[in-house]
Structures are given as C-alpha cells and as structure tokens.
1. So the check is Cβ under 7 Å with 6+ separation or different chains; which pairs have a first residue in region 1-28 that's more than 14 Å from residue 181 (Cβ to Cβ) and within 8 Å of the ligand (Cβ to nearest atom) and a second one that's part of a loop (DSSP other than H, G, I, E, B) and aromatic (Phe, Trp, Tyr)?
2. Within region 1-83, which helices (runs of 4 or more DSSP H) (wholly inside it) include 2 or more residues that are open to solvent by 40 Å² or more (accessible area, probe 1.4 Å) and within 23 Å of residue 140 (Cβ to Cβ)?
3. Within region 29-51, can you find the residues that are under 15 Å from residue 63 (Cα atoms) and in contact (Cβ under 8 Å) with a residue 60 or more places away in the chain?
4. Looking only at region 62-94, count how many residues are free of Cβ contacts under 8 Å to residues at least 40 places away in the same chain, within 13 Å of the ligand (Cβ to nearest atom) and among the hydrophobic types (A, V, I, L, M, F, W, C).
5. Restricting to region 124-153, name every residue that is open to solvent by 70 Å² or more (accessible area, probe 1.4 Å) and not charged (D, E, K, R).
6. Of everything in region 34-56, what is under 26 Å from residue 74 (Cβ atoms) and within 11 Å of the ligand (Cβ to nearest atom)? Give them in sequence order.
7. Is it the case that residue 59 is at pLDDT 95 or above, more than 10 Å from the ligand (Cβ to nearest atom) and hydrophobic (A, V, I, L, M, F, W, C)?
Amino acid sequence: MFGPPGAGKGTQAKIITETRGWPQLSTGDMLRSAIAAGSELGRKVEAILAKGDLVSDEIVIGIIAERLDKPDCAKGAVFDGFPRTIPQAEALDRLLAGRGKKIELVIELKVDDAILLKRVEQRIAEGHSRPDDNPETLKNRLAVYYKNTAPLLAYYKGQKKLVTIDGMAPIDSVTKAIAKAIDMAGKKGWFG
Ligand code: ADP
C-alpha cells in the first residue's frame, strides 16, 4: 500500500487483512508499539517519529525481516508504510526472493495535499490523532514522502506492478477498486 501520510493506507490494509487473511505489516505500527513498550528500539526511534523523519533503513529492514519469518506470512502479506526508500524496496525484493516470494501488486492511493491536511485536522478534532499528527509535522512527513518515497512509484511502475487508485473517493469505493485490482492481479497469475 502506497501513498502519502493520511491517504488511507492503514484503513484499507486492515480491510484487505480481514477479507483476504494476509497480515498487515505496518512499520509505523511496529515502531509505535516499540515506543509504547519502552524498548531500546523504541527509545532510539521516538524523537525521529515525533519529527516525522524517516527511521534508518537498517532498523526498518531488520524489523520487517524478522516479521516475515512468522508463520502467518506464509501465504502473503500487506505492506503498509514499507518500503519507503529505494534501498528498502531493494532489500525487500531480496528478502522475498530468499523466501521464494515477490511483490505481486503495488497500490498507490492518490490524495491531494490540501485534503490530507484536512484529514489530519479532523483526526485532531475527533481526538484520535497520534503525536505526529499536527500540521507542522505533517508538512515534514509530506516533504519526506515526496523526496524519498514517491520515487518508488517509478521503481514499481517499471516492474509493471503499480495500480493507482483515487484515494479521495469514499472509503467503500476505494475498497472496491482495491479488491478489483487484487482480483485482476490474481487472474493474471501474479498470485501463483
Ligand atoms: P504515515 O504514513 O501516516 O505518516 P506511518 O504510521 O506509516 O505513518 O509512519 C509513521 C512514522 O514512522 C514515519 O513518519 C517514520 O518516522 C516512521 N516510519 C514508518 N515506516 C518507516 C519506514 N519504512 N522507513 C522509515 N521510517 C518509517
């Protein structure tokens, strides 16, 4: 799942997990749990998340590598918030190849910046925002997204794995469009 912060990746990834049974692998959630648990990793990354900067490739690749070896990933997984840089994407390709697997489909949720800002403001107003949900940090998270993560779209487009979906449509329509993309990818034999 691909898209700027607030695009709805997490919401849609959870629905895919419910309907298809593939676990949601969210590096953001994993890092936030490490912070909540007060682990060594959590202490190392707390300030980075608060600013909206990227945690090092080495750290996130390490946590994904460990997670991929859990038995629930045997039949597939939904990556949410990972990879976020070209080195992470290359590392993921290597990790999957070593397990006889590969990325089958990349879904980009496209949402205008002004709408992202409105969504974050709404999350704050509704009281379910995260510490990094404030207009200042969002600006940095967006800048980081366009600089480091958006170039990955060309990487996956080159591999003919990219499907772009309008993330400004109602949640239900986005869910349907994603389901269609997954079914089409399955028909083409991508899912083995
Ligand atoms: P969002 O995409 O909504 O901004 P996430 O929950 O995916 O939020 O990520 C929150 C923060 O966690 C990021 O701003 C970054 O600091 C860190 N993070 C998450 N995934 C990665 C990753 N793959 N590489 C580097 N940093 C990451």
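1. So the pair list comes out as 27/82.
2. Answer list for region 1-83: 27-37, 40-51, 57-68.
3. Residue satisfying the conditions is 32 alone.
4. Residues meeting the conditions: 5.
5. Across region 124-153, the qualifying residues are 124, 125, 128, 131, 146.
6. Once the filter is applied, which keeps residues that are under 26 Å from residue 74 (Cβ atoms) and within 11 Å of the ligand (Cβ to nearest atom), region 34-56 yields only 34.
7. It is false that residue 59 is at pLDDT 95 or above, more than 10 Å from the ligand (Cβ to nearest atom) and hydrophobic (A, V, I, L, M, F, W, C).
The values are calculated or read from the model by the stated rules, or taken from the named source; none is laboratory data. Keep in mind the model is a prediction, meaning the values are calculated, not measured. Positions of Cβ are generated from backbone atoms using ideal geometry, with glycine treated the same way; all protein chains shown enter the neighbour counts. Surface areas here come from the heavy atoms of the whole protein model, side chains and all, with no ligands, DNA or RNA. Shrake-Rupley method; radii C 1.70, N 1.55, O 1.52, S 1.80 Å.
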